[in-house]
Amino acid sequence: MADTQKTYTDVEKEIASLILKLGPEEALARLNIAKTKIVINNSYDSFGLNRMALSLLKKETGFDKSLLDDMKDPRLRSDPIFVKFIEKHGDLAGDDDTEFTIVKVPSNVDWHIVRGDSEKVKQDAVYCD
């Protein structure tokens, strides 16, 4: 094997070393791995927007009613326009005890939302906080 070629195991070791040295966020940023942002609810209450936020969201983004009818729809939770709306308006947009949190997962990873005392994003058997 030429000196310039690396085995899969060599690359894995380098990535693991980078993660231990810099932490996962910085390591992934340096490796230039794209991330998907996902809006979750970090409280026991159900996920929802208040009436004012729903109206504002429709006005600002043009989201159609059918997508907004199911707040649990993963297409909505990871939609970049919806994520930016939540980043901009934050907890003011939430229903009663809703605590919006935005988590990031690598774009090439399958994920789904798990409900317990609060919502978590489950990706390949790893919980993201």
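The table for this structure:
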item	result
Selection status of K59, among the basic types (K, R) and surrounded by fewer than 12 Cβ atoms within 10 Å (Cβ to Cβ)	yes
Meets criteria (at pLDDT 85 or above and surrounded by 15 or more Cβ atoms within 10 Å (Cβ to Cβ)) for K37	yes
Filtered residues of the stretch 47-85 (kept if modelled with pLDDT under 85 and of a type in the set (D, E))	D64, D69, D70, D73
Filter result (part of a helix (DSSP H, G or I) and of a type outside the set (G, A, S)) within the stretch 41-56	R51, M52, L54, L56
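Residue-by-condition table, conditions (1) surrounded by 11 or more Cβ atoms within 10 Å (Cβ to Cβ); (2) assigned to a strand (DSSP E or B); (3) at pLDDT below 85:
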position: E87; (1), (2), (3): yes, no, no
position: G90; (1), (2), (3): yes, no, yes
position: D96; (1), (2), (3): no, no, yes
position: T101; (1), (2), (3): yes, yes, no
position: K104; (1), (2), (3): yes, yes, no
position: N108; (1), (2), (3): no, no, yes
position: V114; (1), (2), (3): yes, yes, yes
position: V121; (1), (2), (3): yes, yes, yes
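The values are calculated or read from the model by the stated rules, or taken from the named source; none is laboratory data. Quantities reported herein were computed from a predicted structural model and do not represent experimental measurements. Quick reminder, even Gly has a Cβ in these numbers, built from the backbone with ideal geometry, and neighbours come from all protein chains shown.
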